[in-house]
Amino acid sequence: MTTAKSVSPRPHKRQLDWFLVSILVLALFLYGWKIWEAGNANDFYTAAIVSMTKSWKNFWYASFDPAGFITVDKPPVALWFMAISAKIFGVHGWSIVLPSVLFGVGSVYLLYRLVTPKFGRLAGNLTALTMTLTPIVVADSRTNNMDATLIYFLLLALYFLQKATKARRPWLVMLSFGLIGVSFNIKMLQAFMILPIMYVYYWLATRQSWRRKLGHLALATVSLAFFTLLWPVAVDLTSADQRPYEGGSETNSVLALAFGYNGTQRLLGQSTGVGARFSGMGNSTKQTTTAGKKTTGKTTTGTNAPTPPSGTKTGGMTPPSGSTGGKTGTKPSGNPPSGTPGKTAGSKPTKPTTGQAGSGTKATKPTTGQAGGQQGGPGGNGGAGGAFNIGTAGPFRIFQKALGQQVSWFLGIAVLGLISALAFYRRKKNRWFQTTEQQNEVLLWTGWLVLTYGFFSIASFFHPYYMIMLAPAIAALVGIGLPTMWQQFFHKHLRWSALLLPVAILGTSALQAWYVYEDYPWLSWLILIAGASAVALLFVAKASPRRRHWFPAILITGILGTVIAPAWWALTPTLAAESAAIPTAGPSLLSAGGNQGGLGNGTVNQKLLTYLEKNQGEATYLFATTDSGTAAPYIIATGKAVMAIGGFNGTDQAISLAKFKQLVKKGQVRYFYVSGRSSNSAIVTWVKKYGTKVATKKYSSSASSSQTSTTKAPASATNAKNSTPPTKPSGNQTASQTTGGGMGGGMDQTGTLYDLSQIN
């Protein structure tokens, strides 16, 4: 058996790895180029960042609004870095996104540092390059979502755990597990996915007595619990009158939010925070109530996205409010592959109308099956897959186009690579339960892959951009596995493991050809031919006494067969300057002009803003409204407090009618804008009954004069009233006019402004 030394010589400690430097520069380019065109990125979080720069209280609680009424529905650690950046450089698109860019590049470097010590520089560089070129990693690292930050801290935890196995210092183990606790306060239970394999890895990798192992892991668990609960318990123990309402929770509790909306409901299906249950299964059949009309949310395997309720958490799903519905197109932008929104089996997309169900104008059912006139077209809602198109639950869900085009380009190589590496690094004299150092590392990454792959194969509610959780494990197993497959293929004795390399190349080429066929049929054939040629050249080289002469041709054809397509997909968010609420990668971004706006493209009705600022008086809030999608652009534009009584989707019970009446009586709330849906119907009903309608002409005008975008969006992102509808709607556009609630962003002309100052 070939030894590990022959494939992974240890590098000199002080020698600079220029390949790594080149990869890091490439990562910085892909993640950071054109972030100055990011606009407001995810408006929901950007509004919170604006608010967090106003006071330490808002900073600590991650308050959505400057007055500290309600928080975002995530913990604050990732937002802390963004708020610090915004405080230093000012609130700009690039300053908000900058921490994610740096954490993304940092993750590439940490992966290199994790793989290189045991497997050598070649494996480390292959790992770093694979991570860099994974499309969803690029897309996530260009936004102000939490995912890039989460991955960095998880890898940092593994880095210290790896150090702990050698140093045998309990404080290093405690630091490692403590960082998982910190990661919990980035995106809650998602951080715990890799915990089981961390326990197993430390037990196998450290050479100590079982008593010491148990003691160290017990201390690590204490550290994990401490850093996990420190912030949530501190918040929950604070009187509700002294802090903002915890957005997304049913009981104003961080722990309830963590284990409910951001916990079990991700696995079992959403039942809170969105106004109705959302199963998320690609092949589910469920009855849902949509805009007052009962519809059947039946989807076919790999064809349509599931049917979320009106006002569900999405990004880029609603047109800029105040538009006249002119944003329609004859077909979706780009050429979406099979299984994406915008196509139904055997039929063309239905041309949408300008109305919305329930608003007095009959609306054509969106082709995505989504309620409220929301459309999951390319770019705007997840590119190839859409914001809620997560494929069909099952063991091959991650390979399906809805998710696979974001992360699975190298998954086949990773799976075969882990098999190859386990076989390559085994020792015949070892018993079955004894593992080598290299095998322990392979088991660590295999555990990460299996745990995340398993969860997302059965989970009911998540977005395609969560697939970044699989990227580090895939990258590591590719980097570790490829050199071992190469060595075993060219071994002088023919073994079964020698076939892993040609199978990996052929299988990956076929998978990638399927992924790209809808967009580039010619590229599919090129990939297949290149992959087959690479395999043929491998066998020729193996039989040839001058095999080294064949290596350049093998390298070129291998790259064409396995790298060119994912590299192009990874480049598309950079070329499109995308920084979206629902990050995605794919050619549709280029034909759609990117999705540079935040939730709902973040628009401000300038005439209404002028009216409100002129008449706000001494009121604490510029106005109150039903949801944060409507409020966010005004917080960003003015830095003033806007009350979103229902939080993210308008469904939070953040304030009672009695309390709201008190605020009105004290003059803290003077105006209320009724827009979108809200489960707090008591307040809306009371406002409509006792409030005074403001004449529409005072705050509303044609879209061409009343709408000012707070983001840098494509030219087609804001339509003039009489403009000609574009042939291909951009990623920021939707199929039909909505009421501006939920994820609307900005105020549309179907909403109504009420003056509450005359109520006694």
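The values are calculated or read from the model by the stated rules, or taken from the named source; none is laboratory data. Bear in mind the structure is a predicted one, so any value in this text is a computation, not a measurement. Note that each Cβ is placed from the backbone with ideal geometry, even for glycine, and that neighbours are counted across all protein chains shown. These area figures cover heavy atoms from the full protein model, side chains too; ligands, DNA and RNA do not enter into them. Shrake-Rupley method; radii C 1.70, N 1.55, O 1.52, S 1.80 Å.
In this label model, residue 195 and residue 685 are separated by 4.3 nm, measuring between points 7 Å along each Cα→Cβ vector. Along its first, second and third principal axes, ordered by size, segment 454-523 spans 49, 33, 18 Å in Cα coordinates.
For segment 384-529, the gyration tensor built on C-alpha atoms gives an oblate shape. Its axis ratio a/c (a ≥ b ≥ c) is at least 1.5, and a/b is not larger than b/c.
Across the alpha-carbon atoms of segment 505-563, the computed radius of gyration and Dmax are 12.2, 42 angstrom.
Among the protein heavy atoms, those of residue 549 account for about 120 Å² of accessible surface (1.4 Å probe, every chain in place).
Averaged over residues, the count of other Cβ atoms within 10 Å places the peptides 394-401, 584-591, 552-559 in the sequence 584-591, 394-401, 552-559, highest first. Summarising the overall dimensions of segment 126-241 from its C-alpha atoms, the Rg and Dmax are 16.1, 53 angstrom. Is segment 619-701 best put as rounded, prolate or oblate by its Cα gyration tensor, with a ≥ b ≥ c the root eigenvalues, rounded for a/c under 1.5, and otherwise prolate when a/b is larger than b/c, oblate when not? Verdict is rounded for segment 619-701.
Counting only Cβ charges, +1 for Lys and Arg and -1 for Asp and Glu, the dipole size of segment 64-202 around its Cα centre is about 700 debye.
Within the straight-line cut-off of under 12 Å between alpha carbons, the aspartates and glutamates reachable from residue 666 are 618, sequence neighbours fewer than 8 places apart in one chain being disregarded. Computed over segment 40-171, the P(r) curve from all C-alpha pair distances, binned at 5 Å from the origin, holds 2, 11, 18, 18, 15, 12, 10, 8, 5, 1, 0 percent per bin.
Give me the aspartates and glutamates in straight-line cross-link reach of residue 54: C-alpha distance below 16 Å, same-chain residues under 8 apart excluded. Partners within reach: 65. Distance between the 7 Å Cα→Cβ label points at residue 491 and residue 616: 7.2 nm.
Computed over the Cα atoms of segment 455-579, the ratio of the radius of gyration to the Kirkwood radius (Rg/Rh) comes to 1.04. Longer than 28 Å from Cα to Cα, which of 34/614; 57/698; 614/661; 87/163 are they? Say none if no pair is. Cα-Cα > 28 Å for 34/614; 57/698; 87/163; rest within.
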